[in-house]
Each structure stands twice: as structure tokens, then as C-alpha cells.
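Working notes, beginning with the structure itself.
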Amino acid sequence: MMALTLFAGFIVMILLRVPISIAIGAAVVLAFMASDFSDSLYIIPQQILDGVNKPSLAAVPFFIMAGNLMNVVGMTDRIFAFASSLVGHFKAGLAQVNVLSSMIFAGVSGAAVADAAGLGTIEIKAMKERGYKPEFAAAVTVCSAVVGPLIPPSIGLVIYAFLAQQSVERMFLAGLLPGVVVGLALMTFNRYLATRENFPTQPKATPSEVRSHAVDGFLALIAPGIILGSILFGFVTATEAGVLACLYTIALGLFYRSLTFEKFWSALTDTMLMTTVIMIIIGFSIAMGWLLAIEQVPQLLGDALFALTENKNVFLALMLVFILLIGCVVEGVPAKLMLVPMLLPVIDAYGIDRVHFGIILQLGLLIGTVTPPMGIGLYIMVEVGKVPFERVTMACVPFLIPLVVVLIALTFVPALSLWLPNLILGPE
């Protein structure tokens, strides 16, 4: 009964467009009030404080700050210019530049929102000026932003590692190859579209122009390698890598003379607001997980699924549909915080690797950022690209094909996620 009240209250508030952080908190309080714990509401703040007081979560604000700083110091411009000099002359050239820029930017930002908002302004403007349809430019931008939270560092993978009790380093390595595969799939699909549409082209950059852009953006381009390499070689922890990313970006801003106090303050305030919302959601979600554990919801769910099928592949197929549907109505962080505590006992029972499951969950929920009604990426494109919501949504539909194909491949070919972490860190 308590779990039913919890989910019903949460879904009703989501449908009423109540902000996620408030919806989760209100649903938890409502479930407590309807349960035997109605006189023990002090448990909620206890669970919230215990939930957010974890060292592994300290990395989150630093990676958010790094992404915000990259946007204000102009690193995105240099990344875009370099990517344009490499692949801008291909068919659907700026669409390919869009994807390649997202793959490079992903090595620092760790968030799809930072990618879509930061690079999106530059990419959509450039594509419009070259004659691309605004809705196509917006669709490519938001779909390529899906790469961001897969290629390390990734805020979403840090949160999953915390929830699933896995090492952040292993999750980062597991996301690297899938992130590259998603990027290549989108570029291949762009190439296919170029055979059907008369996309604008641009002259091929000369070797000297490529070198010039590489030199100009060199310090920005090596940032992902410095951050990821420092983690993999054991020089820093994931949290320290977040600090390193911030310090490196500040140093670049000073070197390029593009960082002012106003820009720094803007990045800092945006980071504080975003971090506060995320931590509130995490805190309330931990309280929600406690309620679900008391009600034995994970065990009941596992029994129900085993009664339905004992075949692991059938379960994975059902889980994919479930994750995609959840991603349509709930954002990534709160969705993980609700689903992971429930599903971990189930995937353990089916013998599914937790790292593999984390990558499936990450990409499945990321696809939700480009699907209505809750697709936050779509709303960002409406603001950044000044394109009506309906037109952006329809333009994104074809790009769901490569994204879902890669998701299916990741689900049924675990080696795509597990090969690299097992190679470098050894099997668990």
C-alpha cells in the first residue's frame, strides 16, 4: 500500500508538471503519512542527510562546474572550429562536425545538458547560416548530446556507481567505447541522410588551416585526455579529477584571456543551482529507496519477473522497453535513483553484470532526453535554436533509429561495455 501511494503520488505530480525535486519529496512525505511511519517523519531528513553524505558524490559539482566553465571561457568555439576543419567538407559536413564536437566536448562536461546548451548555440547558428533547416540542426545537436554522459567523465555514471556500489573508474571505462559507438552510429546515419537530402557543403580545409585550428584549440583538445588519463593511471580519484578539470579550465580561460569575474560568477551560480537540485533529488530518492526496501518491492518485482520468464535475454528485452518508457517521463538522475535500488537484486538474480546494466540504463535514459513529453533536450533546443517544440520533436524521430540500434547492441553484446574495463582493470 505504501509503495502504491508513493508511485501514484509521484506520477500524478509529474503529470501536473510539478518540478521533479518537489514531486519526489512530496510523494515520499505522502507515502510516510499513509504508512505506519506517520508519526516518525524525522526518518526523512535522516535518510536525506545519510544519502547525500557520501564521498563519491563530491565529484558531481566539480564536473558540473567544469562544463559550465568550458562554456563561458570559449573552449567550445575552439573545439567546434577544429572539428569543422577535419570533417566539415564531408556530405552533411556540419552535421558531422556537430557529432564530432560533442564527442570531444564529452571528455570534460559529463552532462548532456551542458553539451546541448553550450555547443548548441554555436552549432545551430553555424548550420542555419550554411542553409540547413533549423529543426534538422536542432535535432542533430540534441541527439549528439547523448554522447556526453557516456564518454567519461560522466555525472550520470558517477551517480550510478554510487548507487550500484561499483568503482567510478570501471564505470568510466565501460562508457568510453559505447560513447564512441553512439557517435559513429550518428555520423553514419548523417552520411545516409546526405544521400537522400541536398545538404549544403563547404570547402575542404587546407592542411595549414587544420594545423592552425589544432594549434589554437590544442589546450582545449587535450583536456579530455588529461582528465581521463589522470584517473586511469591512478594519479587522482574521480573527485580529484573533477577539481583538476575545473582548475585546468580556469587556467585556459586566463591563458586565452577569456575568463572574467562576471563569467566565473555566472558559471559558479549555475553550478550551485544545478548541484542543489541534484542533491535534493538524491536525498529524497534515498528516502524513497528506504521505503521501497521496507515494503520489499525489489523482492516482489524479482519474483514477478521470474514468474514471467527465467530467460535472461527475454528479461533484457522487457527491461529495454521499460527503461525507454521511463525515460520518456522521468529525467535521468531521478529515474536512476528510483530504478537502481529496485532492479539491482533482479539483475543479480539473472546474472547480469552491474557495470553492463549501468551502461544500458545510462543510454536508455539518455534517449529519453530527446523524446516527449519530458525530453529536457527538446526544451533546451526550443530555447537555444528558437524552433517550435513540435518541429524539433519530429526532426528527432529519424535519429532514434541509430540510438536504439546501438542500445540493443549494447544490451545483447556485453563485451562492448565490459571489454575495456576488464582489459585495463581486470575482471571483477
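For the stretch 177-232, a Kirkwood hydrodynamic radius built from all Cα pairs, placed in the Stokes-Einstein relation at 20 °C and 1.002 mPa s, yields a translational diffusion coefficient of 148 µm²/s.
Helix-only mean residue ellipticity at 222 nm, the chain, DSSP H runs n ≥ 4 weighted -39,500 (n - 2.57), per residue, nearest 500. What is it? It would help to have the intermediate numbers written out before the result.
Working: 23 runs with 329 residues, N = 428.
It lands at -25000 deg cm²/dmol.
Each residue in C328, C143 was given a count of other beta-carbon atoms within 10 angstrom of its own, and listing them fewest first yields C328, C143.
Look at where the Cα atoms of the stretch 249-292 and of the stretch 321-359 average out, and the two centres are 25 Å apart. Counted residue by residue at 0.36 nm each, then reduced by the alpha carbon distance between them, the extension gain from L254 to T206 reaches 14.3 nm.
Note down the net charge around E428, summing +1 for each Lys or Arg and -1 for each Asp or Glu among other residues with Cβ under 14 Å from its Cβ. Intermediate values should be presented prior to the final figure.
On the way: positive: R170, R354; negative: E169, D348, D353.
Here the charged neighbours net out to -1.
Between the Cα long axis of helix 59-73 and the first principal axis of the chain there is an angle of about 30°, rounded to the nearest 10. Counting other Cβ atoms within 10 Å as a rough exposure proxy, the listed residues M187, M342 run M342, M187 from fewest neighbours to most. Simple spin-label estimate for I11 and M33 gives 2.1 nm between the two label positions (7 Å along the Cα-to-Cβ direction from each Cα). Working from Cα positions, state the angle (0 to 90°, nearest 10) between the long axis of helix 93-109 and the longest principal axis of the chain. Orientation of helix 93-109: about 50 degrees from the principal axis.
Mean-square fluctuations from a GNM of the chain, with a 10 angstrom spring cutoff on Cα atoms, peak among I231, I155, I124 at I231.
The angle separating the long axis of helix 2-15 from the principal Cα axis of greatest extent in the chain is about 30 degrees. Calculated FRET efficiency, K133 to L232, Cβ-Cβ distance, R0 = 51 Å: about 0.80 to the nearest 0.05.
Where a number appears in this text, it was derived from the coordinates with a stated rule and is not lab data. All figures in this text were calculated on a predicted structure; none of them were measured in a lab. Cβ atoms come from the backbone with ideal geometry, glycine included; neighbour counts cover every protein chain shown.
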